[in-house]
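Chemist: Following this message is one structure expressed as structure tokens.
The values are calculated or read from the model by the stated rules, or taken from the named source; none is laboratory data. Here the structure is a predicted model, which means the values were calculated and not measured. When we count neighbours, we look across all protein chains shown, and the Cβ atoms used for this are built from the backbone with ideal geometry, even at glycine. Side chains included, ligands, DNA and RNA excluded: accessible areas come from the protein's heavy atoms. Shrake-Rupley method; radii C 1.70, N 1.55, O 1.52, S 1.80 Å.
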Amino acid sequence: MNNIALAFSGGGFRAACFSLGTLSYLHHLKYNGRPLLENVKYISSTSGGSITNLVYSRFHFNGRPFSECYSFLCEKLDGEILLARALHILSDSKEWKKRPEKSRNLINAFSLAYDELLFNGEEWSLFSNHSPQTSLGEICINGTEFTNGLPFRFQSKPPGEKSAGLIGNRYIFFKKSAQETSKKLRLGDILATSSCFPSGFEPMIFPDDYTHEGLNATAISKAISYKANRYTLPDNKSVQDATENYNRFDLLKDEQFTSGIRFGIMDGGVTDNQAIDAFKKADTRRAKNRFDLFIATDVTSYLMDGYTLPLEKKKWYNFFSLKFISLLWLLCSLFLPLLLLLNPQPWKAWMYISGTISGLLLLPVLYLFFPSLKKIVLGKKAKTSWELVFKKYRHIFLGIRIGAVKQMIRSRAKSVLILANDVYLKQIRRMYYDALYADPLYKDRCVQNAIYDLSLINFSPADLSTDPLHPSATLIAMAEKARNMGTTLWFDKNHQAEKMKESIIASGQFTCCYNLLKYFNEKKKGTLTTAETELKKQLLADWEQFNKKPGWLL
């Protein structure tokens, strides 16, 4: 228990609060007379878990007590403080003047809010300053780069090493000779990188979105060693010839983006939402001093809702075809030109209204026709395979009734969301846990601390089991409430009325207690040290308290 590693999963404020509950319980526990939290030497995290990881690490490296960190996070994770500040920044042009190279979008608004409210402008260099009072050795904040589709990690400097840490992956990384540049990255930008989940946010763009008054895009570009998938961003003529057809598939390709070293980077949960792989690699690097215990703090689960197919609705207007709608649109759009030609008299009010509507309907028609005229005048560009096929069969698509089109669009959209948010992420989660528990190297060294462990998924309040680890009905109810909290970056008025934040933090505390007790119970008799035996006694006493009053440690 002297060398512990933690991993905090993604999951918005739910993940941040559950991770905070775990940290606070480890701080509460005493091991050899000192808080067990002081034996945590490594923390990896992604998305919402990175909020707690970075804020706790910031307080720790600044020499401030955990109690201050706990109070600070409880305050900042309350209500809609971060959301309201981010939206204000997004809407106010003055807020962007200090960092003009940043894209003005939602994720950068959040990065500026994080920078202001959570980190006070502090930079990555903070984690290079180890002192005798710094018990935490290393942290890792996980992202995913969208050039090679690989994890992109911000790993801090371990004690005793000269580097500023390992930032990047095997293809894109900060050079060893550019450590001073990497130290200038803002913590707010790094947190935004780890937490900008797809569909909710845009990707962060290197280097532009990481610039500030002390770090420009040119300096960041020079600091990065960059190697792209050769089918994505070709860097010479031969590769360009070989990959022309691949690039053509990108319907939204921006030539300006490829003019220099740029790459998109998003939520670390895309590739590893549990931050397990980062821990395993860190453990491998410590071949002579491996971790004694790994605790995976996780607010996601293997559960998902089944897919229900949206059916076509049998309403009268759904039986019209797209061809009929297109013809009707064209006729309505021609009303204004005909009105101008056939009515030289002064217009009446109804003419202005109907003419305006007709003019608006005419705009898409003009947009469709003028590109065609431009191609005739300037020459035709080779069509892609998709364009050729759609042109050939467009009469079939235009003949489909509206109801069927709506059904096809809705069912495709729903299936894509389920695949991305449930099937793929849960499959990746399953693969990482399988690899972890199937590896004999980690036998008796892992504790999974999941938010659903004490919920209705595993326990029933009606069960009259005499098992001393069986939770009380009150505790099960609080765990179930915490489990059902959605993935958001706020607590709305309903969450606040239900004391959702407090319930999730308390769940992190009592679930950590429960899983550590299970860990000790599963160890062979006679293998516990004196310190571990004393720790187990404290766990049993705390477990009794949690069953009586789940939130007693808040």
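Chemist: Name the residues in region 271-315 that are part of a loop (DSSP other than H, G, I, E, B), open to solvent by less than 30 Å² (accessible area, probe 1.4 Å) and over 23 Å from Asp444 (Cβ atoms), would you?
Modeler: Taking region 271-315 and keeping what is part of a loop (DSSP other than H, G, I, E, B), we get 273-275, 286-292, 299-315.
Filter again for open to solvent by less than 30 Å² (accessible area, probe 1.4 Å), leaving 273-275, 291, 299-301, 310.
Passing the criteria: Asn273, Val299, Thr300, Ser301, Pro310.
Residues are listed down the side, and each one gets a yes or a no for (1) out of contact with any strand residue (DSSP E or B) (no Cβ under 8 Å at 6 or more places or on another chain); (2) under 29 Å from Gln179 (Cα atoms); (3) modelled with pLDDT under 95; (4) of a type in the set (D, E, K, R):
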{"site": "Ser67", "(1), (2), (3), (4)": "yes, no, no, no"}
{"site": "Ser71", "(1), (2), (3), (4)": "yes, no, no, no"}
{"site": "Lys76", "(1), (2), (3), (4)": "yes, no, no, yes"}
{"site": "His88", "(1), (2), (3), (4)": "yes, no, no, no"}
{"site": "Lys97", "(1), (2), (3), (4)": "yes, yes, yes, yes"}
{"site": "His130", "(1), (2), (3), (4)": "yes, yes, yes, no"}
{"site": "Gln133", "(1), (2), (3), (4)": "yes, yes, yes, no"}
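Chemist: If I ask for residues that are at pLDDT below 95 and among the hydroxyl-bearing types (Ser, Thr, Tyr), which ones from region 195-220 would you list?
Modeler: Result: Ser195, Ser199, Thr218.
Chemist: Residues Tyr393, Tyr452: which one is modelled with pLDDT of 80 or more and farther than 30 Å from Val40 by Cβ?
Modeler: On the way: Tyr452 fails: farther than 30 Å from Val40 by Cβ.
Going through Tyr393, Tyr452 in turn, just one is modelled with pLDDT of 80 or more and farther than 30 Å from Val40 by Cβ: Tyr393.
Chemist: Could you list all residues from region 42-77 that are among the charged types (D, E, K, R) and open to solvent by less than 60 Å² (accessible area, probe 1.4 Å)?
Modeler: Step one: of region 42-77, the residues among the charged types (D, E, K, R) are 58, 64, 68, 75-76.
Passing the criteria: Arg58, Lys76.
Chemist: Right, Arg14: surrounded by fewer than 24 Cβ atoms within 10 Å (Cβ to Cβ) and at pLDDT 95 or above or not?
Modeler: On the way: surrounded by fewer than 24 Cβ atoms within 10 Å (Cβ to Cβ): no; at pLDDT 95 or above: yes.
Taking the combined requirement at face value, the residue does not satisfy it.
Chemist: Name the residues in region 112-123 that are assigned to a loop (DSSP other than H, G, I, E, B) and either open to solvent by less than 30 Å² (accessible area, probe 1.4 Å) or among the acidic types (Asp, Glu) (or both), would you? Give the derivation first.
Modeler: Residues of region 112-123 that are assigned to a loop (DSSP other than H, G, I, E, B), as a first pass: 120-122.
Across region 112-123, the qualifying residues are Gly121, Glu122.
Chemist: Just wondering, is there one or more residues in region 469-477 that are outside any loop (DSSP other than H, G, I, E, B), β-branched (Val, Ile, Thr) and surrounded by fewer than 18 Cβ atoms within 10 Å (Cβ to Cβ)? Working first, answer last.
Modeler: Quick first cut of region 469-477, residues outside any loop (DSSP other than H, G, I, E, B) only: 473-477.
Still in the list and also β-branched (Val, Ile, Thr): 474, 476.
The next check asks that each one be surrounded by fewer than 18 Cβ atoms within 10 Å (Cβ to Cβ); those that pass are 474.
So far as region 469-477 goes, yes, one or more of its residues are outside any loop (DSSP other than H, G, I, E, B), β-branched (Val, Ile, Thr) and surrounded by fewer than 18 Cβ atoms within 10 Å (Cβ to Cβ).
Chemist: Check whether at least one residue in region 454-465 is under 19 Å from Thr300 (Cα atoms) and either open to solvent by 70 Å² or more (accessible area, probe 1.4 Å) or in a helix (DSSP H, G or I) (or both), and report yes or no.
Modeler: Of all residues in region 454-465, those under 19 Å from Thr300 (Cα atoms) come to 454-459.
The next check asks that each one be either open to solvent by 70 Å² or more (accessible area, probe 1.4 Å) or in a helix (DSSP H, G or I) (or both); those that pass are 456, 458.
Among the residues of region 454-465, at least one is under 19 Å from Thr300 (Cα atoms) and either open to solvent by 70 Å² or more (accessible area, probe 1.4 Å) or in a helix (DSSP H, G or I) (or both), which makes the answer yes.
Chemist: For the list (1) of a type in the set (Val, Ile, Thr); (2) over 30 Å from Arg483 (Cβ atoms); (3) open to solvent by 80 Å² or more (accessible area, probe 1.4 Å); (4) modelled with pLDDT of 75 or more, I need the number of the one condition that Ile402 fails.
Modeler: (3)
Chemist: Additional query: Tell me which residues, restricted to region 480-491, are part of a helix (DSSP H, G or I) and touching a residue at least 60 places away in the same chain (Cβ under 8 Å).
Modeler: Narrowing region 480-491 to residues part of a helix (DSSP H, G or I): 480-483.
Answer for region 480-491, where residues must be part of a helix (DSSP H, G or I) and touching a residue at least 60 places away in the same chain (Cβ under 8 Å): Ala482, Arg483.
Chemist: Within the set of pairs 6 or more residues apart or between chains, which connect a residue that is hydroxyl-bearing (Ser, Thr, Tyr) inside region 286-303 to a residue that is in a loop (DSSP other than H, G, I, E, B) and surrounded by fewer than 23 Cβ atoms within 10 Å (Cβ to Cβ) with Cβ atoms less than 7 Å apart?
Modeler: Ser301/Tyr452
Chemist: Scanning region 272-290 for residues that are modelled with pLDDT of 90 or more and not charged (D, E, K, R), which turns out farthest from the chain's Cα centre (by Cα)?
Modeler: Ranking the candidates gives Thr284 first.
Chemist: Okay, next question. Filter region 492-528 for residues that are of a type outside the set (Val, Ile, Thr), open to solvent by less than 70 Å² (accessible area, probe 1.4 Å), over 18 Å from Glu75 (Cβ atoms) and free of Cβ contacts under 8 Å to residues at least 24 places away in the same chain and give the result.
Modeler: Result: Phe520, Leu528.
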